[in-house]
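Read the structure below first, then the notes.
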Amino acid sequence: MAPLVIIHLITMIYAIQGGLSAQEILARTEGSTLWGAVYGLFVVAVAVHAPIGLRTIIREMTPWTGRTLDVAAILFGAVVIVLGARAVGALI
Amino acid sequence: MTVEDTSTGNFVVEIWRGKDSGEFVSYDVPKRASQTILDVVSHVQRRIDPSLSYRFACRVGMCGSCAMTVNGVPRWTCRTHVDRVAKDGHIRVEPLRNLPVIRDLVVDMAPFFDKWQRATGQFIPSDSENKQAFAQVEPDSRERQEADAGIECIGCAVCYSACDVVAWNPEYLGPAALNRVWTLVNDSRDSGRTEHLAAVAGDAGCHQCHSHQACMTYCPKDLNPTAAIAGLKRATIKSVLRGEL
């Protein structure tokens, strides 16, 4: 997770500071297996990490616990996978 | 025999009276050189209000019985000098956090030790019939160094009181219990590695630790439960990946 976050941060900073337009970015990522693999892995990592973390924080800070929270966390993970896959698909 | 009055003035201390609900009561106590918070509390109970309940035993910083919250910080009161903690001369003494209050400064330690049991914080012997065989303990091995770093725990519950995750998650086993399990996981004589790791791998276990390190900061014996818990996190993950858990 940590190296993927760092890669993403560097990429974002480079793209923004470099003043790249959407077309310029897409020109570099379209058809690229490397970008697809890296960001695909990032999406999967986030889809695992974020629901676990959210579930922990919700259990600590609110009265919500139990099966319903577990299911909600899994559903959130599924939403992240879907949205993330669409985003990576749009890029490649 | 008269006791010589060596006091150099008075100051006010606020002490919690009651159970989980109650109030802070102010007491005027004499200031003395090298005075500890335990001295102050003892003075109040002996000279002012004998109904004050508190615990102590060795009074020399070894047993951990006198642990209380002083100005918001869990500490051993026999090792806390008044002039080190008196902010603008203000001292507030209350019972340890995260444990039910029996009365005044006395807390019920049962939940702390129940969690110790639930974490399997006990040595699990091998059931070898061969009484001649015993495990080699290499003192310089990494495992033994890890175990040695945590075995001096005397169960005073200062770390348990300092821990925010214990406050937020009533099931969380806590730093002391998990620290003990780590020492057993690293003990070459213990034969229950899988049971220990299984006990600390769940929702109440090591993965709930947020690494705030309050336990390490306040441990009066300079132990590091956060590091022990980090070790348990690694060990449980490796165990799951190997299909052992």
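None of the figures in this text is laboratory data; all of them are computed from the coordinates on show. Predicted model, so just to flag it, every value in this text is computed and none were measured. Methodologically, a virtual Cβ is constructed for each residue, glycine included, from the backbone with ideal geometry; neighbour enumeration extends over all protein chains shown.
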Residue with peak Gaussian network fluctuation, chain B [Cα springs, cutoff 10 Å], from B:153, B:58, B:206: B:58
Only counting other Cβ atoms within 10 Å, I'd like A:42, B:112, B:134 sorted with the fewest neighbours first. B:134, A:42, B:112
Please arrange B:76, B:16, A:64 by counting, for each residue, the other beta carbons lying within 10 Å of its beta carbon, fewest first. A:64, B:16, B:76
Per residue of region B:25-41, what does 6.51 cos²θ - 1.76 cosθ + 1.60 with θ = phi - 60° give for ³J(HN,Hα)? Whole Hz please, x for Gly and Pro, Karplus curve as stated. 10, 8, 10, 8, 10, x, 8, 9, 5, 6, 6, 9, 4, 5, 4, 5, 5
Just want the ordering: B:107, A:5, A:38, from fewest to most Cβ atoms lying within 10 Å of their own Cβ. A:5, A:38, B:107
Between residue A:64 and residue A:30, Cβ-based FRET efficiency (R0 41 Å, step 0.05) works out to 0.45
Where a ≥ b ≥ c are the square roots of the eigenvalues of the C-alpha gyration tensor, would you call region A:2-91 rounded, which needs a/c under 1.5, or, failing that, prolate if a/b is larger than b/c, or oblate? prolate
Over the whole of A:55-63, what's the average partner chain Cβ count within 10 Å per residue? Rounded to a whole number, please. 3
Could you work out Rg/(2.2 N^0.38 Å) for the protein assembly as shown, with Rg from alpha carbons only? 1.33
Per GNM of chain B with C-alpha springs under 10 angstrom, the most fluctuating residue out of B:203, B:140, B:28 is B:140
